[in-house]
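*Asks:* A single structure is presented below for examination.
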Amino acid sequence: EREREREMNVVSQHTCTRAAAVVPSPVRDTFAFSSSARAGSSRALSVNVNFNTRKAAVSRLSALSLRTGARSSRPSVSVAATGDDVTVSDTKQKFLEKFAFPLPALYSNVVNELIVVHHLIKYSPKHQYDKIYALGFVSIYDGIMDSYTGDKEIVFNSYMEALEEDPVAYRADAEKLTAWASTLSNVDDLTANEAGSEFQKEFSTYATGFEGRTRLYNKFFAIGMFRLLELASSTDPASLEKLAASLSVPLSKVTSDLATYKGMLSKMTAAKELMEEIIAEQRKKTAQREAERLQASASNGELPNGGGTPSAA
């Protein structure tokens, strides 16, 4: 009986391996997504899978597993999808549905990139929301959308709701940390400390999670750290190193992510300046053409109102 059971298990595993081999490659990439995200692979950013195709493939795998397992006294193989079956395309589509207005290309491209990064962070297996992470995202969003002339909060709320996040919580937590850090003047008052202030005690729980690998570091967390240091007027490298060590996050990743963040803001600033120059040049040309038209009309003896004579009083 035990020999027969072992034989059935081997057949079951072999069948599921063959089934995985015939599944379309985008779906196989999706099943590998969680490990790619944990490893920080940039290749995971390109994962964009059609939900219906993936669902059909999962059904095929499950059916094959159940048919084989039915011959055994107990099931031996199970298949589970990652990311709660929510793809980057799903999140982008939700944003477009909630914010049904055109965004200027300058902002649209960056918002789409943020959605991709935020989606991968949100649906990574070990992700946990925290206040430093919230401060980091709010800081980068406000920095990017600073000169946007439309309603920034409508865009922000639509973005958050597309990710099934709470925009009010993000704003409230970011404001709390901002108000607190603004009163400090030393990195020692920011570091994770079980015997420190309420926020420092909370930071120590983050450190425990990072150290025990039950919490996943991300780019927004790095930006939140830097924002805290800015508010406390402690942006020197030694202060950054001290804060990173207290939070048990890798300094090399933090500095790399901050360099990327600063580079993106610099590019945004340059693009805004170029756009303003183009607009100013267009206005200048329009005014010049209007002046030339009025001068030509005056030379031909035409009145500005089209040649009509004012009526007698």
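The values are calculated or read from the model by the stated rules, or taken from the named source; none is laboratory data. Everything quoted here is computed from the prediction, not taken from an experiment. Positions of Cβ are generated from backbone atoms using ideal geometry, with glycine treated the same way; all protein chains shown enter the neighbour counts. For the accessible areas, the whole protein counts, side chains as well, though only heavy atoms, and no ligand, DNA or RNA atoms are used. Shrake-Rupley method; radii C 1.70, N 1.55, O 1.52, S 1.80 Å.
*Asks:* If a residue must be in contact (Cβ under 8 Å) with a residue 24 or more places away in the chain and basic (Lys, Arg), how many such residues does the range 130-158 contain?
*Replies:* Summing the residues that are in contact (Cβ under 8 Å) with a residue 24 or more places away in the chain and basic (Lys, Arg) in the range 130-158 gives 1.
*Asks:* Residues of the range 264-295 being among the basic types (Lys, Arg) and either open to solvent by 100 Å² or more (accessible area, probe 1.4 Å) or touching a Ser or Thr at 6+ places or on another chain (Cβ under 9 Å) (or both), which ones?
*Replies:* Keep residues of the range 264-295 that are among the basic types (Lys, Arg), which gives 267, 272, 283-285, 289, 293.
Result: LYS267, LYS272, ARG283, LYS284, ARG289, ARG293.
*Asks:* Report, by residue number, each residue of the range 156-177 that is more than 14 Å from the chain's Cα centre (by Cα) and among the aliphatic types (A, V, I, L, M).
*Replies:* VAL168, ALA169, ALA172, ALA174, LEU177
*Asks:* Working only within the range 205-230, note down all residues that are buried (at least 19 other Cβ atoms within 10 Å of the Cβ) and among the hydroxyl-bearing types (Ser, Thr, Tyr).
*Replies:* TYR206, TYR217
*Asks:* Moving to a separate point now. Six or more apart or on different chains, Cβ under 7 Å: which pairs go from a residue in the range 177-194 that's of a type outside the set (A, V, I, L, M) to one that's open to solvent by 70 Å² or more (accessible area, probe 1.4 Å)? Could you list them?
*Replies:* SER185/SER233; THR191/LYS242; GLU194/LYS201
*Asks:* Are there helices (runs of 4 or more DSSP H) fully within the range 117-183 with at least 2 residues that are over 29 Å from SER197 (Cβ atoms) and not charged (D, E, K, R)? List them.
*Replies:* Numbers: elements: 131-144, 152-162, 167-181.
Answer list for the range 117-183: 152-162.
*Asks:* Also, quick follow-up: Only one of (1) open to solvent by less than 90 Å² (accessible area, probe 1.4 Å); (2) within 18 Å of ALA105 (Cβ to Cβ) is not met by ALA298, so which one is it?
*Replies:* For ALA298, the exception is condition (2).
*Asks:* Okay, next question. So which residues in the range 101-149 are of a type in the set (Asp, Glu) and closer than 19 Å to ASP173 by Cα, if there are any at all?
*Replies:* Kept after step one, since they are of a type in the set (Asp, Glu), are these residues of the range 101-149: 113, 130, 142, 146.
If the condition is that a residue be of a type in the set (Asp, Glu) and closer than 19 Å to ASP173 by Cα, then ASP130, ASP142 are the ones that fit.
*Asks:* Of the conditions (1) free of Cβ contacts under 8 Å to residues at least 12 places away in the same chain; (2) open to solvent by 30 Å² or more (accessible area, probe 1.4 Å); (3) among the small types (Gly, Ala, Ser), SER233 clears all except one; give me its number.
*Replies:* For SER233, the exception is condition (1).
*Asks:* Within the range 124-131, can one find any residue that is at pLDDT below 95 and among the aromatic types (Phe, Trp, Tyr)?
*Replies:* no
*Asks:* Do we find a residue being touching a residue at least 12 places away in the same chain (Cβ under 8 Å), touching a helix residue (DSSP H, G or I) at 6+ places or on another chain (Cβ under 7 Å) and within 23 Å of ALA244 (Cα to Cα) anywhere in the range 165-173?
*Replies:* Looking for residues that are touching a residue at least 12 places away in the same chain (Cβ under 8 Å), touching a helix residue (DSSP H, G or I) at 6+ places or on another chain (Cβ under 7 Å) and within 23 Å of ALA244 (Cα to Cα), one finds at least one in the range 165-173, hence yes.
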